[in-house]
Amino acid sequence: MSDKERIKYFYEVVVSRSRIWEVENFISEQCVLKVGETIIPCGVSGMKRHLIEDVKKTYPDYSMTIVKQYQDEEYIISEFVLEGTFEGEWIGMRPNNKKLSFTGIDIDRIIHGKIVEHSRAVNTFETLFVENIIKPT
């Protein structure tokens, strides 16, 4: 499997279908999250915890589809669509049980077939605004 195929499988199968036992096959123990210039160590256990406690509790039917991918050496850039029913409270927002759709970009650095660095930008505001979950003041 190529690095691009591994990333696609990880998000569309492992994450989307809650195959948590497979996470360690795709995430390095040294994996970090990049938020701008901030580096947050997460490793396998942190990624599993995030998927269980944040993603699947908020959107139990969460699924991700990779639309396009680009590769530059160790980096895989994936354009995606996320969909899920908003069933769990998230950062103080009450669920509305609506199926929501978000678009975004992931940038994953792969070494020896595993993600060692992950960053993401999601168009969260647009979806929450359109769905009337957040409102301008």
- Message: Pairs needed: first member in the range 110-128, under 19 Å from GLY84 (Cβ atoms) and among the hydrophobic types (A, V, I, L, M, F, W, C); second member anywhere, exposed (fewer than 14 other Cβ atoms within 10 Å of the Cβ) and at pLDDT below 95; C-beta distance under 8 Å; at least 6 residues apart or different chains.
- Response: PHE125/ILE134; LEU128/MET93; LEU128/ILE134
- Query: Do you know which of the residues in the range 54-65 that are within 11 Å of the chain's Cα centre (by Cα) and at pLDDT 90 or above is nearest to LYS34 (Cα to Cα)?
  - Reply: MET64
- Has the range 53-66 got any residue that is in contact with a Gly (Cβ under 9 Å, 6 or more places away or on another chain), among the small types (Gly, Ala, Ser), closer than 28 Å to PRO95 by Cβ and open to solvent by 30 Å² or more (accessible area, probe 1.4 Å)? yes
- Task: Give the residue, chosen from PHE80, PHE86, that is under 17 Å from TYR11 (Cα atoms) and surrounded by 17 or more Cβ atoms within 10 Å (Cβ to Cβ).
- Result: PHE80
- Message: What pairs come out if I take residues in the range 32-53 that are touching a residue at least 60 places away in the same chain (Cβ under 8 Å) and pair them with residues that are among the polar types (S, T, N, Q) whose C-beta lies under 8 Å away, six or more apart or interchain?
- Response: LEU33/SER119; LYS34/SER119; VAL35/SER119
- Only one of (1) in a helix (DSSP H, G or I); (2) of a type in the set (Asp, Glu); (3) in contact with a Pro (Cβ under 7 Å, 6 or more places away or on another chain) is not met by GLU87, so which one is it? (1)
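Scan ARG49, ARG94 and give me the residue that is within 14 Å of the chain's Cα centre (by Cα), farther than 19 Å from VAL122 by Cα and open to solvent by 80 Å² or more (accessible area, probe 1.4 Å). Lay out the reasoning, then the answer.
On the way: ARG94 fails: within 14 Å of the chain's Cα centre (by Cα).
Answer to the selection: ARG49.
The values are calculated or read from the model by the stated rules, or taken from the named source; none is laboratory data. What you are looking at is a predicted structure, and each value in this text was computed from that prediction instead of being measured. Virtual Cβ from ideal backbone geometry, glycine too; neighbours counted across all protein chains shown. Surface areas here come from the heavy atoms of the whole protein model, side chains and all, with no ligands, DNA or RNA. Shrake-Rupley method; radii C 1.70, N 1.55, O 1.52, S 1.80 Å.
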